Amino acid sequence: MKKISCIRTMMILMAFLLSSVSCLRAQSGIHYNAAMMFVQQGAIDSAKKEIDLHMKEAESQMDPESWYLFGFVYKELYKKYENTNFNSPYRIQAFESYKKSLSLDSNTARQKATRDQIRYLGGRFYNDAVTTLDTIRFATSVTCYQQYREAAMISDPGFDIKKKDIEFYLALASTYDAVYNIDKKKNVKYFDLTRETYLQVLSWDANNYTANYNLGLLFWNKGVDLMYDIDYDINLDSVMAVQNHSVDLFKESLPFAEKAYEIEPKREETLIVLSGIYYSLNEFQKSKAYQQMLDDLRKQK
Amino acid sequence: MKRHLFCFVLFVLPAVFGFQTSPNGDTNARLKSVFIYNFTRYIDWPAEYKSGDFIINMYGSNTSMLSELNKMALTKTVGTQKIVIKNTTTLDGIGKCHILYVSPEVTTSLAEIIAKVKGKATLIVTEQPGLAKKGAAINFVVVDNRQKFELNQNNAAKNNLKVSSALLALAIPVEN
């Protein structure tokens with residue numbers, strides 16, 4: 001396995017070197033050459049010392065090859081030492097170095113090699129974004145996703161990122177909602193984050209069923225929660241005020257639920273929600289009509 | 001070929017992203033039970049009704065309403081009186097009670113129900129259009145998607161119940 005990895009490293013470097021203007025450098029490239037030699041030998045820690053020294057030289061700062069090798073060494077360090085660190089500084093340094101290399105480079109073949117490296121890092125960022133998308137680590141997930149997004153756009157400028165954005169933001173909204181539901185009073189700001197995240201999805205795709213359905217459900221749930229949180233001992237004025245707030249939320253939920261129904265009229269959960277919202281709005285005929293549709297749909301199955 | 005060296009399997013976001021759960025319970029029943037509890041604070045029963053259990057009888061088979069009333073009785077009292085929830089589906093099952101909630105599916109005429117509680121200090125609470133004019137003291141109605149209540153002070157007074165002005169101010173007043 002280690003041998004395969006070593007061969008792969010060599011092939012990547014060879015591809016890069018073939019596209020480089022010069023393989024070996026003169027006096028000013030002592031540390032560069034040493035770093036390259038250590039990389040070829042698989043001595044990545046020694047390579048780091050040399051490339052760090054090389055990058056301190058003024059002319060290295062404007063040299064795409066130097067930045068590429070710097071990125072390569074740090075990517076290997078990431079793989080060796082920080083493979084399971086979602087916030088790996090080595091990985092971030094590698095990514096920044098490849099970006100810098102690309103920004104300075106005019107060699108098409110080398111640019112392609114750099115983009116391939118960025119694509120690799122992008123894949124790692126994406127996987128970490130998925131892995132950390134839970135109620136504890138979601139902030140890390142968002143950071144990783146933003147890095148993936150940037151990497152994807154750089155490595156494949158024509159890539160349609162919107163589909164991935166929608167997929168990720170739907171999952172993120174669902175995670176925010178889960179955080180909110182852990183403690184609705186303490187985590188009230190996650191209600192807003194859930195709403196904003198679904199609305200973001202709808203700004204990209206107004207006909208997204210999941211975002212519409214879940215926004216409808218989110219507002220309905222909130223209205224119901226308010227009703228159930230009414231303390232029996234509060235005065236009737238306050239009861240009326242809570243009811244007004246709930247009704248506003250039910251009305252806010254309705255267009256989203258109706259849109260979801262318009263998109264997918266044969267989904268049971270949409271009919272359940274619509275029947276429920278109308279019931280909460282005391283519009284019993286409409287509630288019954290959706291309930292009837294639900295019953296008919298179930299009979300057809 | 002080189003490109004494939006860098007490709008590896010991307011994880012898949014969970015397909016379940018999305019579907020939250022519908023709320024449980026009946027908000028309308030919940031709200032009405034809150035209203036009913038509040039009525040006990042704004043209405044004065046005769047002295048002989050201020051000891052023993054405070055009985056709320058539900059006439060009908062509205063399980064949501066019965067469930068909410070029972071939940072309320074578990075934690076609340078009326079002064080020192082324990083709240084007891086009763087349920088009947090027959091006219092004969094209506095005994096002495098402080099509040100009689102008549103569920104909207106009940107088809108018995110209100111006149112018959114009133115006759116059953118005649119001479120008793122029972123607050124009759126209904127939920128059908130026009131019943132506050134036909135003998136109910138309080139009738140739940142829907143106005144602008146909101147649960148409100150009509151109050152007929154004369155009908156309450158007929159059953160020896162005193163309604164506070166605060167409750168009147170919040171109600172939709174109805175006269176015979």
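The values are calculated or read from the model by the stated rules, or taken from the named source; none is laboratory data. Model, not experiment: these values are computed from the prediction. Positions of Cβ are backbone-derived with ideal geometry, glycine not excepted, and every protein chain shown enters the neighbour counts.
One table, with the values for the structure above:
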item: Options B:Ile56, B:Ile43, B:Ile36: the member that is touching a Cys at 6+ places or on another chain (Cβ under 8 Å), within 14 Å of chain A (Cβ to nearest Cβ) and at pLDDT 95 or above; result: B:Ile56
item: Among residues of the stretch A:159-169, those that are in contact with a Phe, Trp or Tyr (Cβ under 7 Å, 6 or more places away or on another chain) and surrounded by 20 or more Cβ atoms within 10 Å (Cβ to Cβ), counted; result: 1
item: Restricting the stretch A:113-158 to residues that are more than 13 Å from chain B (Cβ to nearest Cβ) and of a type in the set (A, V, I, L, M, F, W, C), the residue that is surrounded by the most Cβ atoms within 10 Å (Cβ to Cβ); result: A:Ile154
item: Test: residue in the stretch A:166-178 that is within 14 Å of another protein chain (Cβ to nearest Cβ), assigned to a helix (DSSP H, G or I), more than 16 Å from the chain's Cα centre (by Cα) and not acidic (Asp, Glu); result: yes
item: Residue count for the stretch A:85-99, restricted to those that are more than 14 Å from chain B (Cβ to nearest Cβ) and either over 23 Å from the mean Cα position of the chain (by Cα) or surrounded by fewer than 20 Cβ atoms within 10 Å (Cβ to Cβ) (or both); result: 7
item: Residue tally, condition assigned to a helix (DSSP H, G or I), more than 12 Å from chain B (Cβ to nearest Cβ) and of a type outside the set (A, V, I, L, M, F, W, C), over the stretch A:179-197; result: 5
item: Qualifying positions in the stretch A:126-165 - more than 16 Å from A:Asn87 (Cβ to Cβ) and not in a helix (DSSP H, G or I); result: A:Thr135, A:Asp156, A:Pro157, A:Gly158, A:Phe159, A:Asp160, A:Ile161
item: Tally of residues being over 10 Å from the mean Cα position of the chain (by Cα) and modelled with pLDDT of 95 or more across the stretch A:140-160; result: 6
item: Residue list for the stretch B:123-151, filter: more than 14 Å from chain A (Cβ to nearest Cβ), touching a helix residue (DSSP H, G or I) at 6+ places or on another chain (Cβ under 9 Å), without any contact (Cβ under 8 Å) to a residue 40 or more places away in the chain and in a loop (DSSP other than H, G, I, E, B); result: B:Leu131, B:Lys134, B:Gly135, B:Ala136, B:Ala137
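A quick yes/no check of all residues on (1) surrounded by fewer than 15 Cβ atoms within 10 Å (Cβ to Cβ); (2) within 12 Å of chain B (Cβ to nearest Cβ):
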{"position": "A:Leu199", "(1), (2)": "yes, no"}
{"position": "A:Thr210", "(1), (2)": "no, yes"}
{"position": "A:Asn214", "(1), (2)": "no, yes"}
{"position": "A:Ala241", "(1), (2)": "yes, yes"}
{"position": "A:Leu271", "(1), (2)": "no, yes"}
{"position": "A:Glu283", "(1), (2)": "no, yes"}
{"position": "A:Met293", "(1), (2)": "no, no"}
{"position": "A:Gln300", "(1), (2)": "yes, no"}
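Per-residue answers, yes or no, for (1) surrounded by fewer than 15 Cβ atoms within 10 Å (Cβ to Cβ); (2) over 19 Å from the mean Cα position of the chain (by Cα):
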position: B:Val102; (1), (2): no, no
position: B:Lys116; (1), (2): no, yes
position: B:Leu123; (1), (2): no, no
position: B:Thr126; (1), (2): no, no
position: B:Leu131; (1), (2): no, no
position: B:Ile138; (1), (2): no, no
position: B:Val143; (1), (2): yes, no
